[in-house]
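The values are calculated or read from the model by the stated rules, or taken from the named source; none is laboratory data. Just so we're clear, the structure is a prediction, and the values are computed from it rather than from any experiment. Ligands, DNA and RNA are excluded from the accessible area calculation, which covers all protein heavy atoms including side chains. Shrake-Rupley method; radii C 1.70, N 1.55, O 1.52, S 1.80 Å.
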Amino acid sequence: MDERRHNIWIVRHGETDWSRRGLHTGRTNVPLTVAGEREAIALRRRFGGRRFALVLLSPLSRARETCRLVGYGDVAQAENDLLEWDYGVYEGRTTAEIQREAPGWTIWDGETPGGETAVEVGYRADRVIRRATMAGGDVALFAHGHLLRVLATRWLGLGPTEGRLFALGTSSIGVLGYERDVRVIRAWNLTAETGP
């Protein structure tokens with residue numbers, strides 16, 4: 001099957017209390033806020049009943065609930081490689097709090113004691129991309145901000161730390177695809193209110 005004909009739709013989960021407060025939310029199972037639920041429901045119209053050959057989601061409740069509210073909960077399969085970055089001891093902390101202990105720290109180039117490196121997250125993203133390109137049609141992925149930003153860089157053949165260049169808000173969509181034979185980002189950071 002010619003993978004160039006198919007797109008990968010990436011969807012970041014809706015707002016949570018932790019995302020609203022800027023806390024690093026890796027493996028902690030934080031639910032959507034009421035606003036996050038509304039965002040996900042509004043996002044449904046972006047999909048217009050589109051059918052996918054494969055729908056994968058992070059097993060965490062915020063991604064699972066976003067997927068359900070968008071309308072794909074019945075067909076989605078949990079995929080552990082779509083879990084958010086493991087922030088280790090920095091879980092539940094803001095960047096400003098972490099920088100008081102580690103000046104200049106960012107998730108992209110700093111150490112995450114007890115967690116994952118950008119390269120390790122990149123390996124997981126590569127496995128998801130391989131699975132998606134074998135699906136025989138368009139694929140939807142419901143997951144998390146940092147993981148999806150890394151996935152976009154790996155799609156483009158960039159290093160995982162380049163994800164720092166791709167902001168992705170809650171309840172937003174990106175579309176990874178092709179222009180001729182080149183992998184491209186066809187759409188990025190679209191919400192129910194933005195874009196075409």
Original post:
So for the chain: antiparallel DSSP bridges make up what percent, rounded to the nearest 5?
Top reply: 50 percent
**OP:** Can you tell me the alpha carbon radius of gyration of segment 64-147 divided by the globular rule-of-thumb value 2.2 N^0.38 Å?
**Re:** 1.31
Subject >> Square roots of five times the Cα gyration tensor eigenvalues for segment 148-195, Å >> reply: 19, 15, 6
**OP:** May I ask you to give the solvent-accessible area per residue for segment 36-185, in square angstrom, as obtained with a 1.4 angstrom probe?
**Re:** 45 Å²
Original post:
When the convex hull of the Cα atoms of segment 35-174 is projected onto a plane and the area is averaged over all directions, what value comes out in nm²?
Top reply: 8.6 nm²
Original post:
So what's segment 1-62 giving for Cα Rg divided by 2.2 N^0.38 Å, two decimals?
Top reply: 1.35
